[in-house]
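The values are calculated or read from the model by the stated rules, or taken from the named source; none is laboratory data. Source: prediction; values computed, not measured. Cβ placement follows ideal geometry from the backbone for every residue including glycine, while neighbour counts extend to all protein chains displayed.
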C-alpha cells in the first residue's frame with residue numbers, strides 16, 4: 001500500500017501537468033494495477049496533451065484578438081474605442 005505522502009505527491013504532480021481529478025483517479029488506478037499496459041497510461045497522457053493543445057490554441061486566438069483591438073484603440077482622450085465597441089456588439093461566440 002502506498003503512503004499518503006506518495007499519493008498526495010502523485011496527485012500534486014498530476015495536477016501540475018494539467019490532469020483533472022477524474023483522470024488522476026484513472027492514473028492512480030493504473031498505477032495500482034501492476035498488470036497494466038503502459039499503452040493505457042500513454043493514451044491518458046496523450047489525450048491530456050491534445051486537450052492542452054486545444055486550450056493553448058484558444059488562448060492564443062483570444063490573445064491575438066485582444067492585441068488587435070488594443071492596437072486599433074487610440075488610447076487617448078476620445079470616447080470612441082474599438083475595444084468597447086467589440087464588447088458591446090460581441091465577437092466570437
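Given the structure, is residue 85 more than 24 Å from the chain's Cα centre (by Cα), in the same structural domain as residue 2 (by TED's automatic domain parsing) and either surrounded by 10 or more Cβ atoms within 10 Å (Cβ to Cβ) or more than 30 Å from residue 7 (Cα to Cα) (or both)? Considered against the rule, which asks whether it is more than 24 Å from the chain's Cα centre (by Cα), in the same structural domain as residue 2 (by TED's automatic domain parsing) and either surrounded by 10 or more Cβ atoms within 10 Å (Cβ to Cβ) or more than 30 Å from residue 7 (Cα to Cα) (or both), residue 85 comes out as no. Between 78, 36, the distinction of being outside any helix (DSSP H, G or I) and either loosely packed, with under 10 Cβ neighbours inside 10 Å or at pLDDT below 95 (or both) belongs to 78 only. Kindly evaluate residue 70 against the criterion of being in contact with a helix residue (DSSP H, G or I) (Cβ under 9 Å, 6 or more places away or on another chain) and either more than 26 Å from residue 15 (Cβ to Cβ) or modelled with pLDDT under 95 (or both). Criteria met by residue 70. Only one of the numbered conditions (1) on the phi > 0 side of the Ramachandran plot; (2) assigned to a helix (DSSP H, G or I) is violated by residue 18, and that is (2). Out of all the residues in region 52-59, is one or more within 30 Å of residue 7 (Cβ to Cβ) and touching a residue at least 24 places away in the same chain (Cβ under 8 Å)? Yes; the residues of region 52-59 include at least one that is within 30 Å of residue 7 (Cβ to Cβ) and touching a residue at least 24 places away in the same chain (Cβ under 8 Å).
Can you confirm whether residue 26 is closer than 27 Å to residue 86 by Cβ, in contact with a helix residue (DSSP H, G or I) (Cβ under 9 Å, 6 or more places away or on another chain) and surrounded by 12 or more Cβ atoms within 10 Å (Cβ to Cβ)? Here the answer is no, as residue 26 does not meet what is asked. If we scan region 2-13, do we find a residue that is farther than 30 Å from residue 84 by Cβ, under 14 Å from the mean Cα position of the chain (by Cα), part of a loop (DSSP other than H, G, I, E, B) and not assigned by TED's automatic domain parsing to the domain that holds residue 83? Checking region 2-13: not a single residue is farther than 30 Å from residue 84 by Cβ, under 14 Å from the mean Cα position of the chain (by Cα), part of a loop (DSSP other than H, G, I, E, B) and not assigned by TED's automatic domain parsing to the domain that holds residue 83. Residue 51 falls short on exactly one of the conditions (1) surrounded by 14 or more Cβ atoms within 10 Å (Cβ to Cβ); (2) outside any helix (DSSP H, G or I); (3) out of contact with any helix residue (DSSP H, G or I) (no Cβ under 9 Å at 6 or more places or on another chain), and that condition is (2).
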